[in-house]
Amino acid sequence: MAACERAVAEIQSWPDYAPSRLVALPGLARSLGVGGISYQDEGGRFGVGSFKALGAPYALAAILAVRLSRRLGRRIATREVLGGAHRDACATFTAAAATDGNHGRALAWAARQAGCRCIIYVPPAVSPGRVAAISAYGAEIARIEGSYDEAVARCAQDCLRHDWLEITDTAPSTAPRTRGLSAARRVMAGYATIIDEALPRMRDTPTHFFAQGGVGGFAAAVAARLWQKYGGSRVRLVVVEPHRAACLFASAEAGELRPASGDLDTIMQGLSCGEASAPAWEILAQAAAAFLTIDESYAVEAMRLLARGVDGDPRLVAGETGAAGLAGLLAVANDAGARALLQLDARSRVLLVGTENATDPRLYAEIVGHPPEGQGPG
Ligand SMILES: Cc1ncc(COP(=O)(O)O)c(C=O)c1O
């Protein structure tokens with residue numbers, strides 16, 4: 001609890017902080033037979049394209065602030081670090097992480113703000129457009145032949161060997177216990193900001209939340225924060241993963257951490273993870289109401305529905321992973337059995353997070369049929 005409170009307060013003190021917009025989608029709600037849909041659009045977060053700008057930047061700044069406070073003998077705030085007030089001292093540190101796109105981009109942005117060196121480990125599944133967005137912030141790219149999970153392991157080893165700061169958003173149970181565990185917890189604490197922004201602006205308490213699941217950090221963070229705010233099982237949290245990259249679903253079936261059985265090949269690149277994060281799984285094992293896997297076509301449909309705006313709803317830009325929460329809702333809404341199981345009906349108030357904008361504009365245009373509207377470069 002204290003970790004989330006601290007993270008939210010620190011993030012809200014950053015100079016460029018502004019809450020993400022929360023929009024009502026009554027047309028889409030009517031078409032799906034639910035009482036209401038609130039959609040928090042994280043695409044504009046700190047100009048970095050995704051909600052991941054709440055995680056890696058907070059973890060990096062918090063870890064650097066601890067080191068600098070010790071060195072300088074006074075308390076350093078994260079806003080000073082990200083504001084570039086200690087660039088010379090920060091230049092002596094190297095931050096590193098593996099990514100399937102957005103986490104690395106967020107870390108690269110934060111490292112540039114702080115003035116430290118940054119190395120991002122990238123598996124081949126990450127599209128060239130997303131790699132370019134990371135390099136644009138001046139980060140070095142370490143290309144790894146293999147999966148995202150292999151990139152995570154390689155990054156952890158190199159961080160240990162070179163005494164770099166491992167700003168990971170995942171701590172798989174199979175990885176050696178590195179300092180990454182505390183970074184992964186801080187990353188999750190930063191994501192709690194989303195819930196603190198959304199709830200006061202919603203007219204009714206949400207009944208359902210469909211959360212994208214990659215390594216589980218996002219879903220676990222929102223689940224934990226909803227639990228802290230409301231207690232117990234007031235909001236049904238449904239974790240949504242692609243059929244071919246469903247490590248959280250596999251873990252739920254087994255009752256313990258298990259890798260995904262699929263080949264991880266999905267257009268929802270942010271969810272292309274074979275192993276869940278252990279601290280995230282600990283939370284989700286208790287707090288999630290259901291684990292759902294979806295076909296790729298639902299992500300495509302979700303992006304297109306958002307882009308055109310259903311029945312007068314605002315038009316919204318969401319990338320493949322950004323739209324995956326809605327994709328999960330579409331899959332359940334289409335299936336009478338799943339609807340009944342989750343008690344999704346005309347009284348339901350659904351909360352969704354558009355977790356990214358068109359983070360690869362070329363892929364977005366291919367899927368939606370036109371370039372992202374109203375989104376600047378990157
Ligand atoms: C846009 C987007 N949404 C959701 C997620 C899932 O977050 P997590 O991996 O913490 O489960 C990711 C992960 O990269 C992402 O990039």
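Please give the contour-minus-distance gain from GLU373 to THR205: 0.36 nm per residue of separation, less the Cα-Cα distance, rounded to one decimal in nm. It would help to have the intermediate numbers written out before the result.
Values: separation 168, 0.36 × 168 = 60.48 nm, distance 3.12 nm.
Additional length available on full extension: 57.4 nm.
List the residues whose amide H sits under 5 Å from the amide H of VAL353, counting only those 5 or more places along or on another chain, with H placed 1.01 Å from N in the peptide plane.
Those qualifying (amide H under 5 Å, at least 5 residues apart or on another chain) are GLN40.
Treat the count of other C-beta atoms within 10 Å as a stand-in for reagent exposure and order TYR17, TYR298, TYR148 from fewest to most.
Exposure proxy ranking, most exposed first: TYR17, TYR298, TYR148.
Which GluC sites (Glu not before Pro) does segment 144-230 hold that lie in a coil by DSSP with at most 15 other beta carbons within 10 Å?
In loop regions of segment 144-230 (DSSP not H, G, I, E or B), the sparsely surrounded GluC sites (Glu not before Pro) are GLU145.
Which loop GluC sites (Glu not before Pro) in segment 241-323, with loop taken from DSSP, have no more than 16 other Cβ atoms within 10 angstrom of their Cβ? Could you put the intermediate results ahead of the total?
Values: sites: GLU253, GLU256, GLU275, GLU282, GLU296, GLU301, GLU320; in loops: GLU256, GLU275, GLU320.
Within segment 241-323, the qualifying GluC sites (Glu not before Pro) (loop, at most 16 other Cβ atoms within 10 Å) are GLU256.
Search the structure for amide H atoms under 5 Å from the amide H of ARG236, placed 1.01 Å from N in the peptide plane, and list their residues when 5 or more places away or on another chain.
HIS208, PHE209
Name the residue, out of MET202, MET303, MET268, whose mean-square fluctuation peaks in a Gaussian network model built on the chain with Cα pairs under 10 Å.
Highest fluctuation of the listed residues: MET202.
Counting DSSP beta bridges with both partners in the chain, what percentage is antiparallel, nearest 5?
Numbers: 5 of 35 bridges.
In the chain, DSSP labels about 15 percent of beta bridges as antiparallel.
Could you put ILE120, ILE144 in order, starting from the residue whose Cβ has the fewest other Cβ atoms within 10 Å?
ILE144, ILE120
Helix 180-201 versus the longest principal axis of the chain: what is the Cα-based angle in degrees, 0 to 90, to the nearest 10?
With rounding to tens, the tilt is 40 degrees.
Can you list residues from other chains, or at least 5 along the same chain, whose modelled amide H is less than 5 Å from the amide H of ALA95?
Residues meeting the amide H criterion: ARG117, CYS118, ILE119, LEU165.
Rounded to the nearest 20 Debye, what is the dipole magnitude of the chain about its Cα centre when Lys and Arg each give +1 and Asp and Glu each give -1 at the C-beta?
Dipole about the Cα centre, nearest 20: 1360 debye.
Longest segment of the chain with no trypsin sites (Lys or Arg not before Pro) in a DSSP loop having at most 14 other Cβ atoms within 10 Å? Walk me through the numbers before you get to the answer.
Working: sites that count: ARG74, ARG75, ARG177, ARG203, ARG234, ARG315, ARG347.
By the stated rule (loop sites, at most 14 other Cβ atoms within 10 Å), 76-176.
Pulled fully out, how much extra length does the chain show between ASN334 and GLU150, if you take 0.36 nm times their separation in residues and subtract their Cα-Cα distance?
Numbers: separation 184, 0.36 × 184 = 66.24 nm, distance 3.61 nm.
Answer, rounded to one decimal: 62.6 nm.
Rounded to the nearest 0.05, what FRET efficiency is calculated for ARG315 and ARG112 with R0 set to 41 Å and r the Cβ-Cβ distance?
Working from the Cβ atoms, E equals 0.85.
What distance in nm lies between label points placed 7 Å from Cα along the C-beta direction at ALA3 and ARG70?
1.9 nm
For the Cα atoms of the chain, what angle does the longest principal axis make with the long axis of helix 278-287, in degrees from 0 to 90, nearest 10?
For 278-287 against the chain, the angle is about 30 degrees.
Mean-square fluctuation check for the chain, GNM, Cα pairs under 10 Å: which of ALA95, ALA333, ALA151 is largest?
With Cα springs under 10 Å in the chain, the top fluctuation among ALA95, ALA333, ALA151 is at ALA333.
Each residue of segment 331-346 in turn: what ³J(HN,Hα) in whole Hz from Karplus with 6.51, -1.76, 1.60 and θ = phi - 60°, glycine and Pro shown as x?
5, 6, 4, 7, 10, 4, x, 5, 4, 5, 4, 9, 6, 8, 8, 5
Which ³J(HN,Hα) values, rounded to whole Hz and listed in residue order, are derived for segment 294-302 from phi using the Karplus coefficients 6.51, -1.76 and 1.60 in 6.51 cos²θ - 1.76 cosθ + 1.60 with θ = phi - 60°, glycine and proline given as x?
The phi angles translate into 10, 6, 3, 4, 5, 5, 4, 4, 5 Hz.
Could you identify which residue out of GLY216, GLY138, GLY322 has the top mean-square fluctuation in a GNM of the chain using Cα springs shorter than 10 Å?
GLY138
Length gain on complete extension for the stretch THR92 to ARG347, per 0.36 nm per residue less the alpha carbon to alpha carbon distance?
Answer, rounded to one decimal: 86.3 nm.
Just from its helices, what would the mean residue ellipticity at 222 nm be for the chain, if runs of 4 or more DSSP H residues each count -39500 (n - 2.57) and the sum is divided by every residue, rounded to the nearest 500 deg cm²/dmol?
Working: 16 runs with 172 residues, N = 378.
My calculation for the chain gives -13500 deg cm²/dmol from helical runs alone.
For SER297 and VAL23, FRET efficiency with R0 = 30 Å and r from the beta-carbon atoms, rounded to 0.05?
Using R0 = 30 Å, I get an efficiency of 0.75.
The numbers here are math on the coordinates, done by the rules we state, and not lab data. Please read these numbers as outputs of a predicted model, since none were measured by experiment. Don't worry about glycine lacking a Cβ; one is built from the backbone with ideal geometry, like all the others, and counts go over all protein chains shown.
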